[in-house]
1. Pairs please, first residue from the range 89-100 and buried (at least 18 other Cβ atoms within 10 Å of the Cβ) and modelled with pLDDT under 75, second anywhere and among the polar types (S, T, N, Q) and part of a helix (DSSP H, G or I), Cβ atoms under 9 Å, 6+ apart in sequence or on different chains.
2. For Gln129, indicate whether it is closer than 26 Å to Tyr6 by Cα and either open to solvent by 20 Å² or more (accessible area, probe 1.4 Å) or of a type in the set (Ser, Thr, Tyr) (or both).
3. For the range 118-180, give me every one of the helices (runs of 4 or more DSSP H) that falls completely inside it and has 1 or more residues that are aromatic (Phe, Trp, Tyr) and out of contact with any Ser or Thr (no Cβ under 7 Å at 6 or more places or on another chain).
4. What are the residues in the range 211-255 that are part of a helix (DSSP H, G or I) and among the aliphatic types (A, V, I, L, M), if any?
5. Name the residue that is nearest to Leu188 (Cα to Cα), counting only residues in the range 104-132 that are modelled with pLDDT of 50 or more and of a type in the set (D, E, K, R).
6. Can you list residue pairs whose Cβ atoms sit under 8 Å apart, with the first residue in the range 157-171 being free of Cβ contacts under 8 Å to residues at least 60 places away in the same chain and farther than 17 Å from Pro217 by Cα and the second being open to solvent by less than 60 Å² (accessible area, probe 1.4 Å) and part of a helix (DSSP H, G or I)? Count only pairs 6 or more apart in sequence or on different chains.
7. I'm trying to understand the selection: among the residues of the range 197-210, which are surrounded by fewer than 16 Cβ atoms within 10 Å (Cβ to Cβ), assigned to a helix (DSSP H, G or I) and touching a helix residue (DSSP H, G or I) at 6+ places or on another chain (Cβ under 9 Å)?
8. Go through Leu4, Leu15 for me and flag whichever is within 25 Å of the chain's Cα centre (by Cα), at pLDDT below 80 and part of a helix (DSSP H, G or I).
Amino acid sequence: MATLIYLLRYLTHSLKNHKSVHLIALDFSKAFDTVRHYTLATKIANFPISDNVYNWIINFLTDRQHQTKANGCTSTCQHINASIVQGSGLGPVAYLLNASDLRPIDQDNIIFRYAAYIDADLSMKSQVQQTVTSCFAVLRQLRSIRRSVPQSVYQTLIISLVLTRLDNGNATLAGISAALLNRLQLVLNAAARSIAGLRRSDHITVTQASLHWLRAPEQITFKLAVIIYCTLHGTAPRYLSDQLHRVADMPSRSQ
């Protein structure tokens, strides 16, 4: 998130000053398969984690075997010293830890590790479009099981699979048009109605209040507030904190 905010700030500043921007995006093929267990273990050892957690991760990676079955025939087991199991909870975390030593080089040569849809005019219209489309697709799938699970479970699924998509990277949506904000709010309204079993014509304000959900603009503001708090307290990346200046520390216009 911090990297993406810095990228947008850099793009905006460059375009305002009529400068061209060249961006190279890298996509790793079979990224999880490139993680070598020894290298990952060495990098994890440098993180401030307990011995129990470290040993648990190493145990998960040690003595792994791979076997292929096709057309009723099974191959012999082969020991593997690389790759992370996809679909496991540890997989994405292990890959991020393996890539944790990728650091920004300087202002003009930066390694970005975040995916987002950025329009040429920086309107973020494509990002909102993709987010809204994916959220409604998940809602349609979840409605098919609504009567088969308890309401508490259904609400948890909505929060985990829909609201997290709205929350992902939403700090970059600050300043978008009211029309785009309204599209994001429509997703929240549909999610709340789905949980409460309401019709499209039913009012949603009371329901959203009972769920303790912020409205779309408020979610963006809250995320920005959290990032600024982290920046002021030294827990945000330095390349982001260097761009933040207190108004009180800035020279007055009268001077």
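1. Tyr95/Thr34; Asn98/Thr34; Asn98/Thr39
2. On the way: closer than 26 Å to Tyr6 by Cα: yes; either open to solvent by 20 Å² or more (accessible area, probe 1.4 Å) or of a type in the set (Ser, Thr, Tyr) (or both): yes.
Spelling it out, Gln129 is indeed closer than 26 Å to Tyr6 by Cα and either open to solvent by 20 Å² or more (accessible area, probe 1.4 Å) or of a type in the set (Ser, Thr, Tyr) (or both).
3. Working: elements: 125-143, 151-158, 164-167.
Of the helices (runs of 4 or more DSSP H) lying wholly inside the range 118-180, those with at least 1 residues that are aromatic (Phe, Trp, Tyr) and out of contact with any Ser or Thr (no Cβ under 7 Å at 6 or more places or on another chain) span 125-143, 151-158.
4. Residues of the range 211-255 that are part of a helix (DSSP H, G or I), as a first pass: 211, 216-232, 238-241, 247-249.
The answer is Leu211, Ala216, Ile220, Leu224, Ala225, Val226, Ile227, Ile228, Leu232, Leu240, Val247, Ala248.
5. Lys125
6. Every condition considered, the pairs that remain are Leu157/Leu142; Ile158/Leu139; Ile158/Leu142; Ile158/Ala191; Ile158/Ser194; Ile158/Ile195; Leu161/Val138; Leu161/Leu142.
7. Initial filter on the range 197-210 (surrounded by fewer than 16 Cβ atoms within 10 Å (Cβ to Cβ)): 197-203, 205-206, 209-210.
Next, only the ones that are assigned to a helix (DSSP H, G or I) stay: 205-206, 209-210.
Matches in the range 197-210: Ser210 only.
8. On the way: Leu15 fails: within 25 Å of the chain's Cα centre (by Cα).
Of Leu4, Leu15, the one residue that is within 25 Å of the chain's Cα centre (by Cα), at pLDDT below 80 and part of a helix (DSSP H, G or I) is Leu4.
The values are calculated or read from the model by the stated rules, or taken from the named source; none is laboratory data. As the structure is a computational prediction, the values presented were derived from the model and not from experiment. In this analysis, Cβ positions are derived from the backbone assuming ideal geometry, glycine residues included, and neighbour counts consider all displayed protein chains. Surface areas here come from the heavy atoms of the whole protein model, side chains and all, with no ligands, DNA or RNA. Shrake-Rupley method; radii C 1.70, N 1.55, O 1.52, S 1.80 Å.
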